[in-house]
Amino acid sequence: MIAAFAAAFAPAHQRYLLEARQMQALSFMVHIPLVCFGISFPVMVLFAERRWQRTGDPVYRELARRWSRVMIALFGVGVITGTILSFEMGGLWPNFTATFGGVFGLGFAIEGFSFFVEAIFIGIYVYGWNRLSPRIHLLSGIPIVFTGFTGSLMVIAVNAWMQHPGGFTLRHGHVIKANPWSALFGNTYLWHELVHMYIAGYMVSGFLLAGVYAFAKLRGRWGRYERAGLTIPLTIAVLASIAQAPIGDWAARDVATNQPIKLAAMEGLYKTTRGASEHLLGWYSGGKVKFGIPIPHLLSLLAFHSWNATVKGLDTVPASQRPPVNVVRADFQIMVGIGSLLMLISLFTLFVRLRRRRLPESPWFYRVLLLAGPLATVALIAGWVVTEVGRQPWVVYHVMPTADAVTGAPGIPVGYGALIAVYAAVAIGVVWMLRRRARRPLDLEPEYR
């Protein structure tokens with residue numbers, strides 16, 4: 001069926017290759033923050049409910065109930081964006097889907113099964129308040145956590161395979177002897193990408209949710225409900241931000257080993273160099289990083305944990321096989337810069353929390369916290385730009401160029417415009433829905449305020 005669909009839109013010279021890439025990128029930018037909430041938000045909801053069951057404090061019950069309604073709303077939006085992405089995979093890149101569907105199709109099949117199970121149990125959980133016993137209601141949320149993990153795991157596994165392909169033999173443009181299990185789970189590139197993304201998911205959702213209650217604090221609403229609502233996601237985001245630094249180091253070393261040209265683009269390194277320098281900031285032009293701040297030997301040390309290690313440069317491949325250097329480099333600097341800032345905020349928060357047994361009191365802290373969520377989202381998207389654009393010009397690294405995968409069908413600009421209109425309407429609807437939820441009165445006894 002996949003092959004028949006792809007044959008209807010056989011690849012041809014496609015003057016809209018850039019637009020097709022931009023459509024896919026736009027969909028990823030909209031969908032990936034929702035994936036973060038799918039990964040981490042159910043854990044926070046269940047934690048709040050468990051706290052209510054252990055303490056009897058209705059503050060935590062109200063948090064869990066409100067968060068569960070937000071969870072189902074974001075899940076519904078994720079259904080829209082995920083469906084669009086599924087159609088784009090087949091519609092925009094039919095040769096990729098037709099050629100390699102037998103390799104990665106298992107991953108999307110499991111992801112689809114996880115999605116349906118997740119939908120069932122989200123419905124049971126959200127509409128099971130006051131209908132199920134407390135213990136059964138809490139247990140009904142566990143499959144949501146599990147399927148959120150397995151569903152996103154499959155998608156990340158497919159992406160890791162695209163970065164470091166294996167588990168198949170390609171002969172005369174056709175895949176033979178496909179081993180989906182080996183391709184998806186025998187891939188060493190998967191594990192750093194998986195952990196890096198999952199920790200980023202907790203950072204994004206944690207800081208965004210904490211920012212909601214930081215805003216309430218700045219507006220003068222600071223009861224026990226707001227304090228609890230801020231403390232749970234902020235604690236998770238703080239711990240995730242601190243843990244992300246060594247995971248990022250692990251990811252960079254895997255990139256250096258398996259995708260040296262991506263690393264060279266990230267650092268603007270033209271010539272293969274022994275004891276390569278790291279450049280902070282700057283702009284790549286004419287084979288050099290201009291206006292950057294060089295730190296001798298640091299790139300070799302970070303990439304290979306060796307002071308004089310040799311780092312491959314862009315000159316090792318033809319110009320046609322190099323990614324757009326400044327796009328990759330700028331986004332890498334944004335990701336690392338924001339990540340470092342969030343780690344500093346987290347260390348400060350942890351220091352105050354451990355030393356003084358309370359949250360920081362300065363209004364500036366809450367103003368910064370209000371910005372931390374959007375900044376974490378920007379860093380997340382920048383990181384995925386590095387991952388995907390840094391792989392170019394390959395859709396499957398060193399196997400299939402992106403230009404060979406794109407559709408030959410006309411009408412891409414019309415689809416691009418329609419896609420923007422759909423996402424704009426969805427964004428307006430989400431903002432309206434969340435604001436309406438936030439204005440609903442709390443269901444708490446007076447003594448708990």
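The values are calculated or read from the model by the stated rules, or taken from the named source; none is laboratory data. Computed from a predicted structure; not experimentally measured. FYI the Cβ positions are ideal-geometry reconstructions off the backbone, even for glycines, and counts take in every protein chain you see. Areas reflect the complete protein model, heavy atoms only, side chains present, ligands, DNA and RNA absent. Shrake-Rupley method; radii C 1.70, N 1.55, O 1.52, S 1.80 Å.
Does Pro246 satisfy the condition of being without any contact (Cβ under 8 Å) to a residue 12 or more places away in the chain and either assigned to a helix (DSSP H, G or I) or aliphatic (A, V, I, L, M) (or both)? Taking the combined requirement at face value, the residue satisfies it. For region 139-172, a residue qualifies if it is over 27 Å from Ala252 (Cβ atoms) and out of contact with any helix residue (DSSP H, G or I) (no Cβ under 7 Å at 6 or more places or on another chain), and the qualifying residues are Leu139, Ile142, Phe146, Thr169, Leu170, Arg171, His172.
Of the residues that make up region 294-307, is at least one touching a residue at least 24 places away in the same chain (Cβ under 8 Å) and within 22 Å of the chain's Cα centre (by Cα)?
Here is the first cut: in region 294-307, the ones touching a residue at least 24 places away in the same chain (Cβ under 8 Å) are 299-300, 302-305, 307.
Narrowing further to those that are within 22 Å of the chain's Cα centre (by Cα): none.
For region 294-307, residues touching a residue at least 24 places away in the same chain (Cβ under 8 Å) and within 22 Å of the chain's Cα centre (by Cα): absent.
Right, Arg437: farther than 30 Å from Gln333 by Cβ and open to solvent by 60 Å² or more (accessible area, probe 1.4 Å) or not? Yes: the conditions hold for Arg437. Quickly run through region 300-326 and pick out the residues that are buried (at least 18 other Cβ atoms within 10 Å of the Cβ) and either among the basic types (Lys, Arg) or assigned to a helix (DSSP H, G or I) (or both). Ser300, Leu302, Ala303, Lys312, Leu314, Arg322, Val325, listed by residue number.
Criterion first (farther than 20 Å from Trp67 by Cβ and either open to solvent by 70 Å² or more (accessible area, probe 1.4 Å) or in a helix (DSSP H, G or I) (or both)) does Gly105 satisfy it?
Numbers: farther than 20 Å from Trp67 by Cβ: yes; either open to solvent by 70 Å² or more (accessible area, probe 1.4 Å) or in a helix (DSSP H, G or I) (or both): yes.
Here the answer is yes, as Gly105 does meet what is asked.
Taken over region 67-87, the residue count meeting the criterion of being touching a Ser or Thr at 6+ places or on another chain (Cβ under 7 Å) and either farther than 15 Å from Met162 by Cβ or not in a helix (DSSP H, G or I) (or both) is 2.
The single condition among (1) open to solvent by 20 Å² or more (accessible area, probe 1.4 Å); (2) at pLDDT 90 or above; (3) of a type in the set (Ser, Thr, Tyr) that Thr188 does not meet is (2).
If you go through region 377-384 one residue at a time, do you hit one that is in contact with a Cys (Cβ under 9 Å, 6 or more places away or on another chain), in a helix (DSSP H, G or I), hydroxyl-bearing (Ser, Thr, Tyr) and on the phi < 0 side of the Ramachandran plot? Write out each step before concluding.
Filtering region 377-384 down to residues in contact with a Cys (Cβ under 9 Å, 6 or more places away or on another chain) leaves 377, 380.
Checking the rest, the ones that are also in a helix (DSSP H, G or I) come to 377, 380.
Of the ones still in play, those that are also hydroxyl-bearing (Ser, Thr, Tyr) are 377.
Subsequent filtering for residues that are on the phi < 0 side of the Ramachandran plot retains 377.
There is at least one residue in region 377-384 that is in contact with a Cys (Cβ under 9 Å, 6 or more places away or on another chain), in a helix (DSSP H, G or I), hydroxyl-bearing (Ser, Thr, Tyr) and on the phi < 0 side of the Ramachandran plot.
For region 154-170, give me each residue that is closer than 10 Å to Glu193 by Cα and in contact with a Leu (Cβ under 8 Å, 6 or more places away or on another chain). Matches in region 154-170: Ile156, Ala157, Ala160. Which condition number does Trp250 fail, the rest of (1) over 16 Å from Val336 (Cα atoms); (2) surrounded by fewer than 20 Cβ atoms within 10 Å (Cβ to Cβ); (3) in contact with a His (Cβ under 6 Å, 6 or more places away or on another chain) being met? For Trp250, the exception is condition (1). Reported count of residues in region 31-60, each being over 16 Å from Phe207 (Cα atoms) and touching a Leu at 6+ places or on another chain (Cβ under 9 Å), is 10. Of all the numbered requirements in (1) farther than 23 Å from His398 by Cβ; (2) open to solvent by 30 Å² or more (accessible area, probe 1.4 Å); (3) assigned to a helix (DSSP H, G or I), Ile232 misses one, and that requirement is (2). Looking across region 258-274, the residues that are within 14 Å of Pro318 (Cα to Cα) and either aliphatic (A, V, I, L, M) or open to solvent by less than 10 Å² (accessible area, probe 1.4 Å) (or both) come down to Ile261, Lys262, Ala264, Ala265.
Collect the residues in region 275-299 that are among the β-branched types (Val, Ile, Thr) and exposed (fewer than 12 other Cβ atoms within 10 Å of the Cβ), keeping them in residue-number order. Walk me through it before giving the result.
Restricting attention to region 275-299, the residues satisfying the condition of being among the β-branched types (Val, Ile, Thr) are 289, 293, 295.
Matches in region 275-299: Ile293 only.
Out of all the residues in region 395-418, is one or more open to solvent by less than 60 Å² (accessible area, probe 1.4 Å), part of a strand (DSSP E or B) and of a type in the set (Phe, Trp, Tyr)? Within region 395-418, not a single residue is open to solvent by less than 60 Å² (accessible area, probe 1.4 Å), part of a strand (DSSP E or B) and of a type in the set (Phe, Trp, Tyr).
If we scan region 379-387, do we find a residue that is open to solvent by 40 Å² or more (accessible area, probe 1.4 Å), small (Gly, Ala, Ser) and at pLDDT 90 or above? No: zero hits. Checking each residue in region 83-100 for being touching a residue at least 40 places away in the same chain (Cβ under 8 Å) and not hydrophobic (A, V, I, L, M, F, W, C) picks out Glu88, Gly90, Gly91, Pro94, Asn95, Thr97, Thr99.
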